[in-house]
Amino acid sequence: MKNKKIWIGVGIVVLIILAYFLLSGGKKEEKVSFDTAKVVKQNISTSITATGTIEPVTSVTVGTQVSGIVAKLYVDYNSVVKKGQVIAELDKTNLISELNTAKANLSSAQSTLNYEIANYNRFKTLYDKGLVSADDYENAKLSFEKARQSVASSHESVQKAQTNLGYATITSPIDGVVLSKAVEEGQTVAASFNTPELFTIAQDLTDMRVIADIDEADIGGVKEGQRVSFTVDAFPDDSFEGKVTQVRQQATTESNVVTYEVVISAPNNDLKLKPGLTANVTIFTMEKNDVMAVPSKALRFTPNEVLLSKGEMIDDCEGDHKVWTKEGNTFKAHKVEIGTSNGMLTEIVSGISEGMDVLVDFNISGGDAPSAEQKASNPFMPRPRNNNKQNNQQPKKQ
């Protein structure tokens, strides 16, 4: 009977031990690991993106001020021309005829003037002797003045006809390259209301520019002199550099979207950039090179109750901005002065040394506790009234 009680007791102990291992074995041990970042010198920049069109810095549209038939074309697309070079001629038959008519009218007016001069001199002599009336004298004088004005008008007509004849010979106004040709030989051009476009000549294809349309939300950060990089679909593996040279004040509204034109220099020494190409532009509105920086989320890291429950200690400090390091079982806060930030990186002006490892985030395996970064991004997590200030007390449990 005594032995039976002993075995029953042993069995109960075994069952208790077995139950303990079964119940505790399903619970995984939580392990905490930390993500750190080294304080190093980096380049910090902010930028905006837009699209634009490549065009020559200087281009001239060549037209004609007289109507007529295109008799000769001396250039074609991509022709290299010099200033004053003849590039086209209109048919001059009618213009020469108009010039000859104007010269004939001038000759007739001159003959009339010669007669009126002689007639006026005769009447003046007779009038001075009292042999003709004042009315006859005034009529002779009036005829003389009209003849003189008619000669002056005929001179102007000859000059105009000569000028129009000169317009029939079309020359290049600049040194450059012919980009477009809008007419062919035998085509009639009419200049009655506006100047017909014959050619477009670009002065220097090695000096191009990009006209980019910048959204009104971004235009405030764009200033002259800022660095720009851009790509074109024609050369997707190449990146081109330029600078903002002008921010135009006139706004353009299309489909309720307000944009402003920004002019960007685009050196084109290898002639890869062609007029009309679409450029994908990145304007660097802020750049700081070789400054000490940390990931911005390092400034948002704070040891929480999950970490402190494992026996770690806090060595806190006063300050609007802090970063944390872990030294053994102690979380140590370092008050820092920050500078520029682009959202991802933040400049550290003072407070920590280059090469230090700062805490960025932590991860818990085998448990359900969220990381510090997850808590920061969770809209339902309680937040302190002032995110910029820390205190020396441990955070309260939520």
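The values are calculated or read from the model by the stated rules, or taken from the named source; none is laboratory data. Keep in mind that this is a model prediction, so the values were computed, not measured. Cβ atoms come from the backbone with ideal geometry, glycine included; neighbour counts cover every protein chain shown. Note: areas computed on protein heavy atoms with side chains; ligands, DNA, RNA excluded. Shrake-Rupley method; radii C 1.70, N 1.55, O 1.52, S 1.80 Å.
Here are a few things to note about the model shown:
- Fraction of accessible area attributable to carbon and sulfur, the stretch 33-109 (%, probe 1.4 Å): 46 percent
- One quarter of the surface of the convex hull around the alpha-carbon atoms of the stretch 86-157 equals 5.7 nm², the direction-averaged projected area.
- Modelled label reach - THR58, point 7 Å along Cα→Cβ, the stretch 184-198 residues with backbone N closer than 17 Å: none
- Computed on protein heavy atoms with a 1.4 Å probe, the accessible areas place PHE230, PHE123 in the order PHE123, PHE230, largest first.
- Ratio of Rg to Rh over the stretch 294-337 (Cα coordinates, Kirkwood Rh, two decimals): 0.96
- Here is the P(r) of the stretch 151-193: all C-alpha pair distances, binned every 10 Å from 0, give 18, 37, 30, 12, 2 in whole percents.
- Where trypsin sites (Lys or Arg not before Pro) fall in DSSP loop in the stretch 212-302, at most 15 other Cβ within 10 Å: LYS223, LYS272
- Magnitude of the charge dipole, the stretch 64-216, Cβ model with Lys/Arg +1 and Asp/Glu -1, debye to 20: 1000 debye
- Restricting the stretch 48-110 to trypsin sites (Lys or Arg not before Pro) in coil, as DSSP defines it, with at most 15 other Cβ within 10 Å: LYS82, LYS83
- Where the Cα pairs of the stretch 245-361 fall when distances are cut into 5 Å bins, in %: 2, 8, 14, 14, 10, 8, 7, 8, 8, 7, 6, 5, 2, 0
- Gyration tensor (alpha-carbon) shape descriptor, the stretch 15-161, a/c threshold 1.5: prolate
- For the stretch 134-190, GluC sites (Glu not before Pro) meeting the loop criterion (DSSP other than H, G, I, E, B) and having at most 13 other Cβ atoms within 10 Å: GLU184, GLU185.
- For the stretch 212-371: relative contact order, % (alpha-carbon pairs under 8 angstrom, 6 or more apart): 18 percent
- Shape category assigned to the stretch 111-195 from the gyration tensor of Cα positions, a/c cut at 1.5: prolate
- Scaled against 2.2 N^0.38 Å for its residue count N, the alpha carbon radius of gyration of the stretch 240-298 is 1.61.
- Cα principal axis extents for the stretch 31-88, largest first, Å: 90, 21, 18
- P(r) tail fraction, the stretch 76-223 - alpha-carbon pairs more than 27 Å apart, %: 57 percent
- Directionally averaged projected area (convex hull, Cα atoms, the stretch 184-328), nm²: 18.2 nm²
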